[in-house]
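Here is the structure we will look at, set down as structure tokens.
Every number in this text was worked out from the coordinates using simple rules, so none of it is lab data. A quick note: this is a predicted structure, and the numbers were derived from the prediction, not measured. A quick note on method: Cβ atoms are made from the backbone with ideal geometry, for glycine too, and the neighbour counts reach across all protein chains shown.
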Amino acid sequence: MRSSENLHHIQVHALAPIRICDNGGGTDTWFAQYGKIFNIAVSPCAQVQITAFADPDQAGRVTISAENYGDRYTVVPSEYFPKRQWDRHPLLEAAIGLMQSPQELHLEIKIYCEAPGGASTGTSAAVGVALIGALDHLRGGRMTPHEIADAAQRVETEILGQQCGIQDQLCSAYGGINYIEMQ
């Protein structure tokens, strides 16, 4: 994670790796009750760049550029969260709503990942971890990697109602080679 700052804006850049080799995959879900997972974090990474502007006319607005999809649009998170009325990219919008971006700023968020969604490499987890990590950094960077992984997993399961284990988010948050035991 890195950031730069000048008089007009702040920039935050975050990367989170995808996952390969999920030996034991499926035992990290709520219905398995316990399990053991071995996985490896690899490139390509999900990339998030946030530029925060002190713009009174656009304060509280978030412009999302989902570059893989060619989408660029603006939302006002306080208007739809926690009502859960998503516009185009529920994962992104739910993560932004959960993190409650600073209302005095206008945020431009660019998101890109070379790994396609649905490739069984934890791409959505990597995107969620990178986005939540970048938003946390913007707000002072107080979350641990485990808390970032937990928040990203909650977005997918509790907010969006998806079936999702924990290994992908943990792998993206910590990187490296991981052995995870759930009890």
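Points to keep in mind about this one:
- Residue by residue, the stretch 103-119 carries 3J(HN,Hα) couplings of 5, 7, 10, 9, 10, 10, 10, 10, 10, 8, 8, 5, 6, x, x, x, 8 Hz when phi is fed to the Karplus relation 6.51 cos²θ - 1.76 cosθ + 1.60 (θ = phi - 60°); x denotes Gly or Pro.
- Local electrostatic count at Ile64 - Lys and Arg +1, Asp and Glu -1, tallied over other residues with Cβ under 13 Å: -1
- With the simple spin-label model, which puts each label point 7 Å out from Cα in the Cβ direction, the Cys21 to Thr63 separation comes to 4.2 nm.
- Segment Thr157-Gln103, extension gain: residue separation times 0.36 nm, minus the distance between their alpha carbons: 16.8 nm
- The spread of Cα positions in the chain, taken along each principal axis and listed from longest to shortest, comes to 50, 33, 31 Å.
- Two tests apply to each whole DSSP H helix in the chain, Cα reach of 15 Å or more along its axis and mean Kyte-Doolittle hydropathy of at least 1.0, and the ones passing both are 123-138.
- Measuring nothing but how far apart in sequence close Cα pairs (under 8 Å, 6+ apart) lie, relative to its length, the stretch 103-183 scores a relative contact order of 27 percent.
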